[in-house]
1. Any idea how far apart R68 and E254 come out in nm if each label point goes 7 Å out from Cα toward Cβ?
2. Sorting I264, I235 on the 10 Å Cβ count, fewest up front, what's the list?
3. If you place +1 on the Cβ of every Lys and Arg and -1 on the Cβ of every Asp and Glu, how big does the dipole about the Cα centre of region 225-268 come out, in debye to the nearest 20?
4. Please state the relative contact order of the chain as a whole percent: Cα pairs under 8 Å, 6+ residues apart?
5. For a quick protection proxy, order the peptides 250-259, 56-65 by their average other-Cβ count within 10 Å, most packed first.
6. Let me know the charge dipole size of region 3-218 about its Cα centre in debye, to the nearest 20, where only the beta-carbon of Lys, Arg (+1) and Asp, Glu (-1) is charged.
7. I need the peptides 16-29, 123-136 ranked by packing, meaning the mean over residues of other C-beta atoms within 10 angstrom, with the highest value on top.
8. Explain nothing, just the number: relative contact order of region 107-191, from Cα pairs under 8 Å at least 6 residues apart, as a whole percent.
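Each reported figure results from applying straightforward, stated rules to the coordinates on display, with no laboratory input. The model shown is predicted, which means the values in this text are computed figures rather than measured ones. Reconstructed Cβ throughout: ideal geometry from the backbone, glycine too, with neighbour counts over all protein chains shown.
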Amino acid sequence: MSDTECAFETLQPEEIEVALRSMGLSNHQLQYREVSESTNSDVLNYYQTHQQPSIAICEKQTAGKGRRGRSWHSPFAQNIYCSIGIEKTIAAGQLGLMSIVSGIALCRALSTCGFDEIKLKWPNDLYHQKQKLGGILIESKPAGNDGYFLVIGFGLNVFMSRQQLDEITQAATSLSLINQNEINRQQILLTAIEAVMAEIQNFDESSIPEVIQKFMRNDAFHQQSIAVLNAGDEICGVNKGINPSGLLRLATEEGEQTFSAAEISLRGLE
Ligand code: ATP
């Protein structure tokens with residue numbers, strides 16, 4: 001069966017455009033493609049050419065991006081692949097918080113859609129019962145005098161089957177396996193866009209203590225023993241959440257250490 005004959009319903013871009021306008025997002029150009037290399041690249045390229053933020057969605061990514069060059073499984077019309085461009089006045093030291101803030105927004109959106117118990121794995125993953133449900137990839141470019149153009153990309157597994165998920169190199173799940181009720185992929189997408197946009201736009205320095213608290217409440221590995229993996233090295237300790245820059249706090253036998261998302265991957269040990 002070819003992609004375009006697939007059994008899953010595709011998104012309705014005209015309806016999405018109307019919904020985005022009613023959310024007050026008329027400044028954002030909607031980019032809809034059946035097949036895209038990567039929605040993050042679509043938003044970056046559009047900004048480069050038009051100096052205007054956009055929202056890119058697609059049914060399938062041929063080069064979906066994870067962190068550090070890793071790839072994101074993106075089968076046709078089964079999941080959500082979305083990137084949002086936002087111009088934001090923000091200090092460089094707060095950029096690491098943007099994936100945390102986006103993750104908090106996505107947990108809230110999924111709860112609104114009836115999916116409770118979705119958790120975050122620092123710095124950029126959504127988890128359900130220790131299985132990966134989605135991921136966030138933030139890219140940024142300096143823009144203006146005191147800000148950045150942020151690209152907030154997220155992928156959420158919606159209808160991927162157990163068989164397809166088993167092809168992924170780590171334990172993964174999808175919304176249809178968590179909750180057997182009827183699932184409206186487009187409605188989840190719109191709820192997610194609205195939540196991410198609101199959380200990122202409302203974020204400023206005064207929000208940081210609340211972000212730290214919210215992350216703690218949503219942390220899949222809160223106060224648990226974890227291993228931090230860095231180029232073959234493994235450091236074990238107890239997960240203490242994040243500091244005001246979004247760095248991971250790890251209590252080790254030598255005292256507390258912090259880690260930046262650029263360096264490491266986290267693994268649960270319990
Ligand atoms: P890790 O999850 O290993 O700590 P990470 O958070 O940096 O690393 P990402 O780079 O964000 O991971 O995502 C890429 C990884 O996610 C892939 O290497 C693969 O293991 C997994 N993956 C890829 N596609 C999917 C998907 N659709 N659903 C769940 N997991 C996926």
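1. In this crude label model, R68 to E254 measures out at 1.9 nm.
2. On the way: I264 20, I235 15.
Final ranking by Cβ density, sparse to dense: I235, I264.
3. Values: 3 positive and 6 negative charges, 47 e Å.
In debye, rounded to 20, region 225-268 gives about 220.
4. Details: 518 pairs, mean separation 43.3, N = 270.
Reported as a whole number, the value is 16 percent.
5. On the way: 250-259: 12.8, 56-65: 21.0.
Final packing ranking: 56-65, 250-259.
6. Numbers: 18 positive and 24 negative charges, 154 e Å.
Result for region 3-218 is approximately 740 debye, rounded to the nearest 20.
7. Numbers: 16-29: 14.9, 123-136: 21.8.
Descending mean neighbour count gives 123-136, 16-29.
8. On the way: 116 pairs, mean separation 21.2, N = 85.
Worked out over region 107-191, it gives 25 percent.
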